[in-house]
Structures are given as C-alpha cells and as structure tokens.
Amino acid sequence: MATSSIKKNGILNGGIIGFAYIILIYIASSITGSGFALNIYSIIMMAVGIIAGMIGGVVRSKFEIIANVKSGRWGRF
C-alpha cells in the first residue's frame, strides 16, 4: 500500500518503508513502556522489519512488471 505508485527500486523503497515502520513501532512502544532501551531484541526486530520491507518491495515490483506484460502495456517477450 505504501509503495503502490513506485515502479522500480523495489528493494530500496521496501527497505526504507520497513525501516520507517519499525522505527515508528519502536518509538510508540518505548513511550508507552518503561522508556527507550536499545538491546539485541530491538536490533533484531529492526533488521527483520527492514528485510521484510525489502522482500515486499521486490515482490510488489515483480507483480507490477508481470501485470504490465500480461495487459500488453509493456510489449511482448
């Protein structure tokens, strides 16, 4: 949803969106919890969020390419 208008660089855009999402969740949970603490769990959570965003960006880009080819907007192979 966040990258629906982006057509290329899916891995970069997905990573940025994943990072932003995890940072927002981390800040919200730190404010409502016992304060800001950066530990190994937080670092792993951020890394997984970035990797998941990258995978989502690549998948989104590939589905966009496949849809364009099937609809004839991108020529033929």
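The values are calculated or read from the model by the stated rules, or taken from the named source; none is laboratory data. Quick caveat: nothing in here was measured; it's all calculated off a predicted structure. In this analysis, Cβ positions are derived from the backbone assuming ideal geometry, glycine residues included, and neighbour counts consider all displayed protein chains.
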Exercise. Mind checking which residues of the range 44-70 are loosely packed, with under 12 Cβ neighbours inside 10 Å and either touching a Pro at 6+ places or on another chain (Cβ under 6 Å) or at pLDDT 85 or above (or both)?
Worked result: Ile44
For this session: State which residue pairs qualify: first residue farther than 12 Å from Asn9 by Cα and inside the range 56-68, second residue at pLDDT below 65 and of a type in the set (Phe, Trp, Tyr) in any location, beta carbons under 6 Å apart, and separation of 6 or more residues or different chains.
Result: Asn68/Trp74
